[in-house]
Amino acid sequence: MTSSELQPRQGGAEALRLLTDGELTLEGRLVDASNATLRAEIVLGDARAHCVYKPVRGERPLWDFPDGTLAGREVAAYLVSRATGWDLVPPTVLRDGPFGPGSCQLWIDEPADAEPLVGFVPAESVPPRWFPIAAARDDDGAAYALAHADDPRLARLAVLDAVINNADRKGGHVLVGADDRIYGVDHGVSFHVEEKLRTVLWGWAGRLLPPDAVEMLDALAARLDGALGEELAEHLTLGEVRAVAARVARLRDTGRFPQPPEEWPAMPWPPM
C-alpha cells in the first residue's frame, strides 16, 4: 500500500464515494474464497485504493440463504457496524462492476509485523490472556488449541456478530489494519431470521457485556426504529430487519455475551 492510497479511517464519506463512483480495474481472484471474490484497484480523480469486489453472479447457491442476497448482506453488516460507532467493518457499498452488481469493500492491508489475535497454538503454551476455544492435533499428533486473545477490540466484534447473526466468523476473517484497529470481513452469511451464530470468538460466552457495549446496544435499538432500519430494508427482508431488533433486545435484556448453541455447530469450518 502506498502513502497516497486511501486509508480506512480517512473519512467514511470519501471512502464511500470512491467505492461507489470509482473506476474498477480487476487485479486477480482470491482463490481460497468459496464465492467469486476479486481484488481490484479503484480510482476516482486523485483518490485511489484497493478493494474487494464480490459480484452477485459469482455467489455459490446456499440451501439456507436466498440466491443473490449475499452482497446485500455484506453492505448491511457495514451499515450496522457504522451505526455502532465502532467501525469494525471496512466501508462497503453495492455497485455495478465488470461482472455486474456486487459488493465492493475497501481492502485492508495487514502489516507484516501485525500480531495475530486468533489462531492455533501449542496446547501447553496458550499465551497469557488468551482463551482456549477448542482442542486440535496436527498431522503428527501434537496437541494444539484454537484460541483467541482477551482483547476488547475482539470483544466488540463478538458483540457485532451476535447482533448480525454471523454464521461464519472464521479466524481468517479478523484483520489487523495498519492503524492498529481490527476489522471483520466476509459477512455474506449473516442476518438470517433463524439463530445461526457460528464463530471462533467464544471466549466471553456467558460473561457480562462491557459498559460500552450496553451503551451501544441502547443507541442501536433506537436507530433500528429509524434511519438504520430503513437502510437495512434496502438489503434485507422486513423479517430479517425485525430479527436484528429482536437480537439487540435480547442482548440488552440478558446483559451477557451469548452462549454457544446446542442445536447447530458453534464454530464455522474450517475455523481459520
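The values are calculated or read from the model by the stated rules, or taken from the named source; none is laboratory data. Just so it is clear, the structure is predicted and the values come from calculations on it, not from any experiment. Glycine gets a Cβ as well: all are built from the backbone with ideal geometry, and neighbour counts include every protein chain shown. With ligands, DNA and RNA removed, areas are computed over all heavy atoms of the protein, side chains included. Shrake-Rupley method; radii C 1.70, N 1.55, O 1.52, S 1.80 Å.
Taking Lys and Arg as +1 and Asp and Glu as -1, the other residues whose beta-carbon sits under 15 Å from that of D253 total +3.
Shape index of region 118-257: Rg/Rh, with Rg the Cα radius of gyration and Rh the Kirkwood radius from the inverse mean 1/r over Cα pairs, equals 1.02.
Only helices enter the 222 nm calculation for the chain: every DSSP H run of n ≥ 4 contributes -39,500 (n - 2.57), and dividing by all residues gives -8500 deg cm²/dmol, rounded to 500.
In what sequence, largest accessible area first, do H235, H192, H187 appear using a 1.4 Å probe?
Numbers: H235 45, H192 25, H187 0 Å².
Reading off the accessible areas and sorting them downward yields H235, H192, H187.
Rolling a 1.4 Å probe over the heavy atoms of the protein chains gives the chain an accessible area of 48 Å² per residue.
Round to a whole angstrom and tell me the spacing of the C-alpha centers of region 243-272 and region 15-62. Centre-to-centre distance over Cα atoms comes out at 30 Å.
Comparing L236, L106, A40 along the charge dipole axis of the chain, the residue lying farthest to the positive side is L236, per the Cβ-charge model.
Return the ratio Rg/(2.2 N^0.38 Å) for the chain, where Rg is computed over Cα atoms only. Walk me through the intermediate numbers first.
Values: Rg = 18.4 Å, N = 272, 2.2 N^0.38 = 18.5 Å.
Rounded to two decimals, the normalised Rg is 0.99.
For region 118-257, the fraction of 1.4 Å probe accessible surface lying on carbon and sulfur atoms is 52 percent.
In terms of overall dimensions, region 12-106 has a Cα radius of gyration and Dmax of 13.1, 43 angstrom. Here the accessible area of region 12-106 is 53 percent carbon and sulfur, with a 1.4 angstrom probe and all protein chains present. Please identify, among Y144, Y78, Y183, the residue showing maximal mean-square fluctuation in a Gaussian network model of the chain using a 10 angstrom Cα cutoff. Looking only at Y144, Y78, Y183, the biggest GNM fluctuation is shown by Y144.
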